[in-house]
Amino acid sequence: MHQEPQVALQKLIGALERHLDAILTQREGEDPGIEQAYMQVEDAFLGYEEALSASFDEFLPIELAEEE
């Protein structure tokens, strides 16, 4: 079952805000909070894109970067 697009969009916005907060408050050295926030953005992005696709057969005009 897919999410409603509005709910998925709010999750994406929240994930982006948490990512920015993690960057603004990062500690020196490796900060696992930034990695976790990054993964939340990725998951929320995919959830939003899936909701758009399922509800409207539409996609976002952006793509996630491929890991090498």
In order through the stretch 13-30: 3J(HN,Hα) via Karplus (6.51 cos²θ - 1.76 cosθ + 1.60), integer Hz, x for Gly, Pro: 4, x, 5, 5, 5, 5, 5, 4, 4, 5, 5, 5, 10, 5, 8, 5, x, 6
Between residue 17 and residue 57, what FRET efficiency follows from the Cβ-Cβ distance if R0 is 22 Å, with the result rounded to 0.05? 0.15
If you take the alpha carbon radius of gyration of the chain and divide it by 2.2 N^0.38 Å, what ratio comes out, to two decimals? 1.24
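Read-outs: derived from the displayed coordinates by stated rules, not from any lab. Note that the structure is a prediction, hence the values are computed from the model and not measured. Positions of Cβ are backbone-derived with ideal geometry, glycine not excepted, and every protein chain shown enters the neighbour counts.
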